[in-house]
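Worksheet: the structure to be examined is printed underneath.
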Amino acid sequence: MTGKSNGYEEAAEDFIRKRNSLIGPAVVRAWSRTLPHGASVLDLGCGHGVPISQVLINDGFAVYGVDASAKMIAAFRGRFPDAHTECSSVEDSEFFGTTFDGVVAWGLMFLLSPGIQALVIRKIARALKRGGKFIFTSPREAVTWTDVMTKRESISLGFQAYQKILLAEDLVLSGEQSDEGENHYYLVSKP
């Protein structure tokens, strides 16, 4: 899976060591409280699971993690042996052949090309149950930059493009938020 890990297979040890576990969990926890108790949540680009999956698992959710980095998935499985995991790129994953109450993609979407971002949103729309929720991070502006960890290009499609893709998949952008690390969140629901 190294080729589709967007550089994170090579950067796995560095990422695991440097990931600030204080950034992200408060927003994800607040979002998860809109889901049914014990809901199933798909964590796309789950990495080693800290802090996002950890918050969800600690709060009683059934977490399913997908990551293209074998090193990241191995670390995830070591921490959360009872969680469902798959070492696969999000574009190739079958998402465990099931549907979910929630889907989270923290720090993932902008690592993908524009076409793959649209494909992944389409797949998420199919994987969400009616009334399901989706949360993802990407800048509000349409912008391109170099990822700090991998030195690869990152692309935010921007608010208007994400809104258009979501609407085409019958998903509703129900809100936006930012966290202490200045990450921008899109809060999405499936009516």
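Looking at the chain, what % of its DSSP beta bridges pair antiparallel, to the nearest 5?
For the chain, the DSSP antiparallel bridge percentage is about 45.
Which residue fluctuates the most in the chain, going by a Gaussian network model with Cα springs under 10 Å, if the choices are R17, R77, R140?
Fluctuation is largest for R17.
Residue farthest toward the positive end of the dipole of the chain, with Cβ of Lys/Arg at +1 and Asp/Glu at -1: which of C46, F76, V172?
V172
For the chain, please report how many Lys pairs fall under 18 Å Cα to Cα, leaving out neighbours fewer than 8 apart on the same chain.
12
Mind telling me which of V120, V41, V63 comes out most flexible in a GNM of the chain, alpha-carbon contacts under 10 Å?
Sorting by GNM fluctuation, first place goes to V120.
Counting other Cβ atoms within 10 Å, which GluC sites (Glu not before Pro) in the stretch 88-191 have at most 15 and lie in a DSSP loop?
In loop regions of the stretch 88-191 (DSSP not H, G, I, E or B), the sparsely surrounded GluC sites (Glu not before Pro) are E91, E94, E141, E180, E182.
So what is the orientation-averaged projected area of the stretch 58-142, using the convex hull of its C-alpha atoms, in nm²? Show your work: numbers first, answer last.
Values: hull surface 25.0 nm².
Mean projected area of the Cα convex hull: 6.3 nm².
Could you identify which residue out of P36, P51, P25 has the top mean-square fluctuation in a GNM of the chain using Cα springs shorter than 10 Å?
P36
Once R0 is set to 35 Å, what does the formula 1/(1 + (r/R0)^6) return for the Cβ-Cβ distance between R29 and K151, expressed as a FRET efficiency to the nearest 0.05?
It comes to 0.65.
Magnitude of the Cβ-charge dipole of the chain, K/R +1 and D/E -1, about the Cα centre, nearest 20 debye? Provide the component values of the computation, followed by the final result.
Numbers: 20 positive and 22 negative charges, 63 e Å.
Dipole about the Cα centre, nearest 20: 300 debye.
Taking only the C-alpha atoms, wrap a convex hull around the chain and report its volume per residue in Å³ as a whole number.
Cα convex hull per residue, to the nearest whole number: 101 Å³.
Run the helix sum for the chain: -39,500 (n - 2.57) per DSSP H stretch of 4+ residues, divided by residue count, reported at 222 nm to the nearest 500 deg cm²/dmol. If you can, show how the numbers build up before the last one.
Numbers: 6 runs with 56 residues, N = 191.
Estimated from H runs of four or more residues: -8500 deg cm²/dmol.
Translational D (Stokes-Einstein, µm²/s) of the stretch 89-134 at 10 °C and 1.306 mPa s when Rh comes from the Kirkwood sum over C-alpha pairs?
The estimated diffusion coefficient comes to 145 µm²/s.
No lab work stands behind these numbers, since they all come straight from the coordinates. Every value quoted in this text rests on a predicted model; they were computed, and no experiment measured them. Don't worry about glycine lacking a Cβ; one is built from the backbone with ideal geometry, like all the others, and counts go over all protein chains shown.
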